[in-house]
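Quick note: the coordinates plus some simple rules give every number you see, no bench work behind them. These figures come from a predicted structure and were not determined experimentally. All Cβ positions, glycine included, derive from the backbone under ideal geometry; neighbour counts span all protein chains shown.
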Amino acid sequence: MAKTMVEMAAKIVVAQASNTRMSPDEVGESLLKAFEALNRIKAQEEGREKSPAESGLAKLARTPLRSIQRAKVLCLECGKEFKQLTNRHLALHGLNSKEYKKKWGIPARQSLAAKSLTTKRRKMAKERGLGEMLKKARAKKATKKK
């Protein structure tokens, strides 16, 4: 049979009291605090109350592609804003870009850069003719293999 909130709060306070000396007033306060904390947790689990952590970051975690915005990219691990998520930053979280994309369900071919930065790079590449240069290099390489 499931325990009530009061029983769980009492067990928590008993554990605290067994390790530290507590006056009767402190026991009562601890019991009340534990009971309130358990009620908040239960409300969060049932979806009745949003937790303080239910910020924009938690919402983005449900739809990770929205973290890649026009002017910035939000790191889903820490919430910091960047123009581009680099492997150097992701290493702070123990990840590389491939692992980060897999963890958050981002397509492997998706860039971890702000859309404005990607657009700017695409425009510069077209102006320099990099696409044509790449086609020529690939054709030249293919003829050498034969």
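Listed values, structure above:
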| read-out | value |
| --- | --- |
| Cα gyration tensor, region 5-45 - rounded (a/c under 1.5), prolate or oblate | prolate |
| Residues 121, 128, sorted so that the one with the fewest Cβ neighbours within 10 Å comes first | 128, 121 |
| Only Lys, Arg (+1) and Asp, Glu (-1) charged, at Cβ; the chain dipole about Cα centre in debye | 2700 |
| Spatially proximal lysines relative to residue 144 (Cα-Cα < 25 Å; intrachain offsets below 8 disregarded) | 135, 136 |
| Rg ratio (alpha-carbon, reference 2.2 N^0.38 Å) - the chain | 1.81 |
| Length-normalised contact order for the chain - Cα pairs under 8 Å, 6+ apart - percent | 15 |
| Contour excess over end-to-end distance, with Cα ends at residue 102 and residue 124 and 0.36 nm allotted per residue | 5.0 nm |
| Mean ellipticity per residue at 222 nm, deg cm²/dmol - from DSSP H runs of n ≥ 4 across the chain, formula -39500 (n - 2.57) | -18500 deg cm²/dmol |
